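Down below is the structure, laid out as structure tokens.
The values are calculated or read from the model by the stated rules, or taken from the named source; none is laboratory data. Values in this document were obtained by computation on a predicted structure and should not be read as measured data. No Cβ is skipped: glycine too gets one built from the backbone with ideal geometry, and neighbour counts run over all protein chains shown.
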Amino acid sequence: MSKEAFVYLWYDAPNNMYYLGKHKGSPDDTYTHSSTIWESFTKDNIPEGVTRRILAYGTDEEMCILENKLLINRKKRCWNRYYNNGLGDPRYVDMSGENNPMWKGGVWANDPLAYQKAYEKKRRQTPERKAYMKALDQTPERKAGSNRRSVAYRAKKKAETGYTIGYSQSKKKAEKQGVGTLDAFLK
């Protein structure tokens with residue numbers, strides 16, 4: 001059995017948190033972890049209450065695959081107790097969809113238009129937003145605006161002026177101007 005790499009589990013007792021990782025090298029070298037969330041430290045200054053357990057040894061590829069399987073399991077069960085924010089080494093792990101850090105809520109975060117559209121759709125569905133919109137629709141200004149767009153209002157205006165809304169504005173403008181502006185030059 002090869003011992004070129006290993007999977008380890010750090011336990012941070014004061015915060016009751018874990019960090020699971022893989023390292024290509026020896027457990028006795030200076031490497032501790034690569035978390036960007038958890039505080040960094042060296043083998044010489046391991047914080048009090050922090051311990052490491054080696055879970056398995058093997059080839060680098062085997063350990064990458066094992067790390068990914070363990071992290072997927074943790075993500076389903078207790079991800080909030082881990083300092084990890086990814087699911088493993090992208091060389092051996094499928095980085096499409098949920099495994100990719102740029103995949104946020106079913107949308108690629110590096111596609112700003114799609115991300116903004118999905119974010120807005122999700123935001124409009126929240127109970128707070130629905131309550132806000134319901135209250136807004138009850139304001140006098142909003143009611144007046146919706147009345148102007150109603151079929152009854154348009155029919156009333158057509159009966160009064162003889163024109164439909166929109167058409168009446170351009171027709172009135174033409175009537176004000178009188179004959180065409182080029183008529184004087186064409187004679």
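The table for this structure:
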{"item": "All positions within region 74-88 that are without any contact (Cβ under 8 Å) to a residue 40 or more places away in the chain and closer than 24 Å to E4 by Cα", "result": "G86, L87"}
{"item": "Residue in region 15-29 that is modelled with pLDDT under 95, of a type in the set (D, E, K, R) and in a strand (DSSP E or B) present", "result": "yes"}
{"item": "Candidates E120, E128, E98, E160 - the one that is surrounded by 10 or more Cβ atoms within 10 Å (Cβ to Cβ) and at pLDDT 75 or above", "result": "E120"}
{"item": "Given (1) in contact (Cβ under 8 Å) with a residue 24 or more places away in the chain; (2) outside any helix (DSSP H, G or I); (3) not β-branched (V, I, T), index of the condition M63 fails", "result": "(2)"}
{"item": "Verdict on G49 being surrounded by 18 or more Cβ atoms within 10 Å (Cβ to Cβ) and touching a residue at least 24 places away in the same chain (Cβ under 8 Å)", "result": "no"}
